[in-house]
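The numbers here are math on the coordinates, done by the rules we state, and not lab data. As the structure is a prediction and not an experimental result, all values here were calculated from the model. Methodologically, a virtual Cβ is constructed for each residue, glycine included, from the backbone with ideal geometry; neighbour enumeration extends over all protein chains shown.
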Amino acid sequence: MAEPFIGEIRIFPYTYAPYGWLLCDGTIYQAAQFQALFTIIGRTFGGDGRTTFAVPNFKPGGVNSVPMGAGHGPGLTSRQLGQAGGSNQVPIAVTQMPTHTHQVSAASVDGELSTPAGNFLSSEPGNFIYNPVNAPDSAVELDPGALLPTTGGSLPHENRQPLLTLGFYIAAEGIWPERP
C-alpha cells in the first residue's frame, strides 16, 4: 500500500486499526501523542484545539456518522468541513404526509338527538343533519373525533438508507500534505 498523506481517510474491512492509522470513532486524543495529525486537522472534529483533538466519528449512531463532501451546490445547503448534521430518527408532520382521505363515521338508523353537536352524523325523522337553504344561521361545531377517528402514534421513525458497515480510518503517520 502506498504511503498515505497524514490525515487521509480510507475505508478498510478490518476490525482493527492498521499500524499508523486511527479508527474514525470520535475519540479525543492528546495533541502531543499525534502532533502531525493534530497540526493538520486541529479541532475540526472536536477537542479543545490546544492540548486535545478528536478524529471524525463515523461509527453508527455517531455525531457525524455518514461522510458528506464539504461545500455547496445548487439548491443545497452549505456544509463546512467538520460540520455535523442530520438525525437518526425524525417525526413526520401532517404537512409532510401525502394528501389522503379518511372515512366518515355515520349511522344508518334514525338518530335520537336533534342536534349534531358532538355526535355522529344521523338525525331524527323530520330533522336534518344539514342546514336547509331557508334555515336561519345556526351553525354547530361537530366533534371531529366522532366524525373522523384519530390514528397514529406520533412516534419518530427510522430514517436511514440501506447501508453496509465498513471501518473508516485516518492516517496518523505518513507523508505531510503540502499546500499548493
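What the table shows:
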quantity	calculated
Exposure proxy order (Cβ contacts within 10 Å, fewest to most) of Tyr14, Tyr29	Tyr14, Tyr29
Whole-Å semi-axes of the ellipsoid equivalent to segment 1-101 (Cα gyration tensor, √5λ, descending)	33, 16, 14
Nitroxide proxy distance, nm - points 7 Å out along Cα→Cβ at Asn88 and Asn159	1.4
Förster radius 45 Å - calculated FRET efficiency between Leu76 and Gln30 (Cβ-Cβ, nearest 0.05)	0.75
Neighbour-count order for Tyr169, Tyr19, fewest beta carbons within 10 angstrom listed first	Tyr19, Tyr169
Residue-span extension gain [Thr99 to Glu178] - 0.36 nm each, minus C-alpha spacing	22.9 nm
Computed lengthening from Met68 to Thr151, 0.36 nm per intervening residue step minus Cα-Cα distance	26.2 nm
